[in-house]
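Below is one structure; the comments refer to it alone.
The values are calculated or read from the model by the stated rules, or taken from the named source; none is laboratory data. This is a predicted model, so every value here is computed, not measured. With ideal geometry, Cβ positions are generated from the backbone for all residues, glycine too; neighbour counts draw on all protein chains shown. We work out accessible area using only protein heavy atoms, side chains counted, and drop any ligands, DNA or RNA first. Shrake-Rupley method; radii C 1.70, N 1.55, O 1.52, S 1.80 Å.
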Amino acid sequence: MSSAVISFDKVQKSFFSKNRLVKALAEIDLQIQPNTFTTIIGPSGCGKTTLLRMCAGLSPPSAGRVIYKGQEVQRINTDVGFVTQDSNLYPWLTMIENIEFPLVVRGTPKAQRHDRAMEFIKMVGLEGFENHYPFELSGGMQKRASIIRTLIYGPDVILMDEPFGPLDAQTRMLLQNQLLDIWSRDKKTILFITHDLVEAIALSDVVVLLSRRPGRIKEIFSITLGRPRNVFEIHQEPGFADLYHKIWSYFKDEIMLD
């Protein structure tokens, strides 16, 4: 039996758009191993986000199966955490109330959820802003809050859909570094989407390259850089340049065709 925590078994996805059938994903066979950081890259429209939505039970495959911990995903998968491109903080709640919300839903006692929320707030450097509303926070602060809101209830698997996309380069690196710190402590299974090849290499154990639509797995790369990683100087890591050029040699053809 496979040890994978997530398996995409001959998965295909088609949908109707403007009265025509669009094939988003061709046959995808992919296994995500537990406690690994796997990143999916590929050109726009190749089905990256669709794969995450299938794993979360938000979009069923047109053909094939998505297997999560040995069971086919056939409904909303409440076992996973999902960090979307937008922060999605509730505007009527303060930051700490937003972060505590998953624990409220699970019936965690008030004092316990407050202490846990403060632990995470301190971990990502947001202490002092816990009673601010989302509109009073910068984009980077909102993103940090949305990430720890997902982490606070301890999902074994975290799906992340370009979570740092709209941020400036400096803030992105700071959050990449914090994410790696959190991941190295808890070793959750992360399935991450990005368009940024440097980000993919800096964070991952495995990088999966999809072709242009309909998305197919073009290549899977093992990222052999040592850990812990210095995302601020990742270009200087031994082996980074070779990995970058190797992946780019496959990636650029898909972008140029896109």
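Helices (runs of 4 or more DSSP H) fully within the stretch 138-228 that include at least 1 residues being basic (K, R), open to solvent by 40 Å² or more (accessible area, probe 1.4 Å) and at pLDDT below 95: 139-151, 169-186. Listed by first and then second residue, the pairs with beta-carbon distance under 9 Å, at least 6 apart or on different chains, first residue in the stretch 45-74 and acidic (D, E), second modelled with pLDDT of 95 or more and open to solvent by less than 20 Å² (accessible area, probe 1.4 Å), are E72/V66. Scoring R113 on the criteria (1) under 22 Å from the mean Cα position of the chain (by Cα); (2) outside any loop (DSSP other than H, G, I, E, B) leaves a single failure, condition (1).
For (1) open to solvent by 20 Å² or more (accessible area, probe 1.4 Å); (2) within 22 Å of L179 (Cβ to Cβ); (3) among the hydrophobic types (A, V, I, L, M, F, W, C), each residue gets a yes or a no:
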position: F8; (1), (2), (3): no, no, yes
position: S14; (1), (2), (3): yes, no, no
position: K18; (1), (2), (3): yes, no, no
position: K23; (1), (2), (3): yes, no, no
position: I32; (1), (2), (3): no, yes, yes
position: T36; (1), (2), (3): yes, yes, no
position: R53; (1), (2), (3): yes, yes, no
position: V66; (1), (2), (3): no, no, yes
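Inclusion of Y68 among residues that are at pLDDT 90 or above, more than 29 Å from I32 (Cβ to Cβ) and within 21 Å of the chain's Cα centre (by Cα) is not warranted.
Note on the stretch 1-39: residues that are under 21 Å from E72 (Cβ atoms) and either touching a helix residue (DSSP H, G or I) at 6+ places or on another chain (Cβ under 8 Å) or outside any loop (DSSP other than H, G, I, E, B) (or both) amount to 20.
Scanning the stretch 87-137 for residues that are aromatic (F, W, Y), surrounded by 11 or more Cβ atoms within 10 Å (Cβ to Cβ) and either more than 21 Å from L174 (Cα to Cα) or at pLDDT 95 or above (or both) gives Y90, F101, F129, Y133. Just so you know, in the stretch 1-44 the residues that are among the acidic types (D, E) and touching a residue at least 60 places away in the same chain (Cβ under 8 Å) include one that is nearest to F82 (Cα to Cα), and it is D29.
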